[in-house]
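K.L.:
Would you mind keeping the following structure in view while I ask a few things?
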């Protein structure tokens with residue numbers, strides 16, 4: 001009778017834990033990567049979900065063939081870490097492992113993995129990020145180098161349809177354009193004219209694609 005009662009209590013506690021989401025695993029969730037951004041010149045910024053803590057932290061970077069690259073942590077705080085990799089090449093993809101990290105509140109230090117791709121350079125210019133804001137209906141092109149402009153134009157197309165309605169603003173490291181509504185997950189081609197890397201003499205045209 002006592003044994004039966006204990007079994008029933010154990011079952012009730014188990015059901016309660018499942019219903020309320022209380023488990024040993026959820027109390028000590030591992031550190032997770034929220035976003036990775038390649039900032040140019042080997043610099044990588046890793047943002048985490050929630051706060052993290054470090055102990056003898058280091059970063060290991062490899063390419064798709066398994067070759068290791070020298071990587072050095074340049075800055076870190078409670079929700080992001082920056083490192084610089086030496087020898088990375090334009091257009092290649094890399095994986096990284098951050099060791100000596102834990103989610104705040106966790107008891108053990110472990111590791112977290114992620115990846116990044118080095119954008120291709122064109123005329124010495126790297127577009128490190130293309131971001132579409134669906135609410136404001138604009139697209140921002142962010143460059144890794146300082147650039148200069150001369151009568152620039154920007155075109156974004158898909159299936160022969162032009163989506164750019166005008167240039168919102170331009171700066172020494174980015175340009176923002178207003179667009180018609182883009183479809184999330186769809187591929188678009190872009191053309192940017194009248195741009196050059198600071199220190200060069202010729203204004204050039206950049207072409208490529210991105211996913212909205």
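K.L.:
How high is the FRET efficiency from residue 167 to residue 203, r the C-beta distance, R0 22 Å, rounded to 0.05? Intermediate values should be presented prior to the final figure.
P.N.:
Details: r = 16 Å, r/R0 = 0.71.
Calculated transfer efficiency: 0.90.
K.L.:
Rounded to a whole number, what is D in µm²/s for the stretch 29-117 from Stokes-Einstein with the Kirkwood radius over alpha-carbon pairs (4 °C, 1.567 mPa s)?
P.N.:
Values: Rh = 13.0 Å.
Rounded, D is 99 µm²/s.
K.L.:
How far is helix 2-20 tilted, in degrees, relative to the longest principal axis of the Cα atoms in the chain, given as a value from 0 to 90 rounded to the nearest 10?
P.N.:
Long axis of 2-20 versus the principal axis of the chain: about 20 degrees.
K.L.:
Using only Cα atoms, what Kirkwood radius does the stretch 122-211 have, in angstroms?
P.N.:
Working: mean 1/r = 0.0757 Å⁻¹.
The answer is 13.2 Å.
K.L.:
What distance in nm lies between label points placed 7 Å from Cα along the C-beta direction at residue 146 and residue 68?
P.N.:
3.7
K.L.:
Hey, what did the stretch 29-117 get for relative contact order, percent, Cα under 8 Å, at least 6 apart? Provide the component values of the computation, followed by the final result.
P.N.:
On the way: 210 pairs, mean separation 29.9, N = 89.
So the answer I get is 34 percent.
K.L.:
Using helices alone, what [θ] at 222 nm do you get for the chain, with -39,500 (n - 2.57) per DSSP H run of 4 or more residues, divided over all residues and rounded to the nearest 500?
P.N.:
On the way: 2 runs with 23 residues, N = 212.
Mean residue ellipticity, 222 nm, calculated: -3500 deg cm²/dmol.
K.L.:
While we're here: Rg and Dmax of the chain, using alpha carbons, in Å: what are they?
P.N.:
23.6, 91
K.L.:
Would you kindly state how much longer the chain becomes between residue 181 and residue 158 on full extension, computed as 0.36 nm times their sequence separation minus their alpha carbon distance, in nm to one decimal? Intermediate results must be reported in sequence, preceding the final value.
P.N.:
On the way: separation 23, 0.36 × 23 = 8.28 nm, distance 1.20 nm.
Separation in residues times 0.36 nm, less the Cα-Cα distance, equals 7.1 nm.
Bear in mind that the values in this text are calculations on the coordinates, not laboratory data. Bear in mind the structure is a predicted one, so any value in this text is a computation, not a measurement. Neighbour counts are summed over all protein chains in view; Cβ atoms, including those assigned to glycine, are modelled from backbone coordinates with ideal geometry.
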